[in-house]
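> Let me begin by handing over the structure; questions about it come next.
We did not get these values from a lab; they are worked out from the coordinates using the rules stated. The model shown is predicted, which means the values in this text are computed figures rather than measured ones. With ideal geometry, Cβ positions are generated from the backbone for all residues, glycine too; neighbour counts draw on all protein chains shown.
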Amino acid sequence: MKILLTGGLGFIGSETAIATIEAGHQAVIVDNLYNAKIGVLDRIEKLTGVRPAFYEADVADKKKLGEIFDKERPEAVIHFAGYKAVGESVAKPLMYYRNNLMTTLSLLETMGEYDCHNIVFSSSATVYGTPTHAPLKETDPRGEATNPYGETKIMIERILEDASKADPKLTAVLLRYFNPIGAHPSGLLGEDPRGIPNNLMPYISQVAIGKREYLHVYGSDYPTPDGTGIRDYIHVVDLAEGHVASLKAFNETKGVKIYNLGTGKGTSVLELVKAFEEATGVKIPYRLEDRRPGDVPENYADVEKAKKELGWTARLTIADACRDAYNFQVKNPEGIKD
Ligand code: UFG
């Protein structure tokens, strides 16, 4: 299948580009390089032996997107493009709403114009809001977002539901990611955040190579066994394979299909630190600090639906993810070069 990946040079997009190529699909990438490096394209080629067609373009630019669709005629789209920093979204809400919504609307309109009726959307466990229980099931209601970034994910899920009601030919697969971590085992691709990392694993990796002094552990008084927050950390390679597995949904009934992509297991911050130390042999100094506003004590996925309907399940371990994240950090201390 010919698949257009918006944001296909980002952390999850690039890993998924590799997985789709390895599964025999043809990948076409559109990325505006806002939060990605052009050097990633060379690395995808190095790892797969295939250089995907690449367009440097903003998905919100309908004219340009139309030209790309006209030339490429993709049969399906995997839509990663979007801003993703929770804290930044609180400071710059309009920028987040404009970008994340405009890209999606422009994409859906263009898909309609070019007879493309299959979309996979990068959603997030954030749509469950502040969970009252774990594990979370796809049938659990969407909650209240705690920030504009999360609100855009909820809004886009609703837009896709409404669009599919109005267009019986449309199939929209909503993949709700839990916490993607790790990197490609080669060390060529991984998470390359700008500035100070917001997320736990890249922060730990930077402490490991001495780029940051110590880890700030946000909250040690949660109602969890060791007092620190619990999340469902999933290796990005497993996550990428989940996207490929989800393409199966296009051959079946039309409409909206929702899947959690996680491991089904919760890991606390301190457990992750310990696992990292064991996997890499590097000590991670940390300090226990106050809770971070907006964080929930615990969330992890119920993964039965993806297993049953897509035949997909995460197979890599936390130790694999720690080893791969560290390997990427050691090989790319200043991130991926352009
Ligand atoms: N944490 C620390 N120190 C840090 C960073 C994080 O202790 O420096 C803790 C957090 O308090 C939390 C856990 O590590 O308990 C995970 O935090 P992350 O920032 O890595 O991830 P979140 O669970 O907060 O957010 C992630 C994605 C969001 C998404 C959300 C969905 O980054 O995009 O999961 O549940 F919305």
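> If you check I38, I78, I68, I44, which single one turns out to be surrounded by fewer than 19 Cβ atoms within 10 Å (Cβ to Cβ) and among the hydrophobic types (A, V, I, L, M, F, W, C)?
I38
> Scan the range 220-237 residue by residue and report those that are more than 9 Å from the ligand (Cβ to nearest atom) and within 30 Å of G13 (Cα to Cα).
Answer for the range 220-237, where residues must be more than 9 Å from the ligand (Cβ to nearest atom) and within 30 Å of G13 (Cα to Cα): I234, H235, V236, V237.
> Specify which of the listed residues (A125, A145) is touching a residue at least 40 places away in the same chain (Cβ under 8 Å), surrounded by 18 or more Cβ atoms within 10 Å (Cβ to Cβ) and either under 21 Å from G87 (Cβ atoms) or of a type in the set (G, A, S) (or both).
A125
> Could you pull out the residue among T103, T130 that is crowded, with 22+ Cβ neighbours inside 10 Å, touching a Gly at 6+ places or on another chain (Cβ under 8 Å) and of a type in the set (S, T, N, Q)?
From the options T103, T130, the qualifying one is T103.
> Taking P148 as meeting all but one of (1) touching a strand residue (DSSP E or B) at 6+ places or on another chain (Cβ under 9 Å); (2) more than 11 Å from the ligand (Cβ to nearest atom), write down the number of the exception.
Unmet for P148, out of (1) touching a strand residue (DSSP E or B) at 6+ places or on another chain (Cβ under 9 Å); (2) more than 11 Å from the ligand (Cβ to nearest atom): (1).
> Something else about it: Return only the number of the condition from (1) more than 30 Å from I159 (Cα to Cα); (2) within 16 Å of the ligand (Cβ to nearest atom); (3) in a helix (DSSP H, G or I) that G242 does not satisfy.
Every listed condition holds for G242 apart from (1).
One line per residue, one yes/no per condition, for (1) under 14 Å from L4 (Cα atoms); (2) within 16 Å of the ligand (Cβ to nearest atom):
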| position | (1), (2) |
| --- | --- |
| T48 | no, no |
| A76 | yes, no |
| G82 | no, yes |
| M102 | no, no |
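> On to the next question. Quick one: how many residues across the range 247-275 are part of a loop (DSSP other than H, G, I, E, B), of a type in the set (D, E, K, R) and within 16 Å of the ligand (Cβ to nearest atom)?
The number of residues fulfilling the criteria is 1.
> Of the residues G182, G143, G187, G112, only one is small (G, A, S), farther than 26 Å from V59 by Cα and more than 16 Å from the ligand (Cβ to nearest atom); which?
Result: G187 is the single residue among G182, G143, G187, G112 that is small (G, A, S), farther than 26 Å from V59 by Cα and more than 16 Å from the ligand (Cβ to nearest atom).
> Restricting the search to the range 276-303, which residues are outside any loop (DSSP other than H, G, I, E, B), within 27 Å of F328 (Cα to Cα) and either under 22 Å from the mean Cα position of the chain (by Cα) or of a type outside the set (A, V, I, L, M) (or both)?
Across the range 276-303, the qualifying residues are F276, E277, E278, T280, Y286, R287, A301.
> Here's another thing I want to ask about it. Let me confirm something: among I204, I196, which residue is within 13 Å of the ligand (Cβ to nearest atom) and either touching a Pro at 6+ places or on another chain (Cβ under 8 Å) or closer than 17 Å to F328 by Cβ (or both)?
I204
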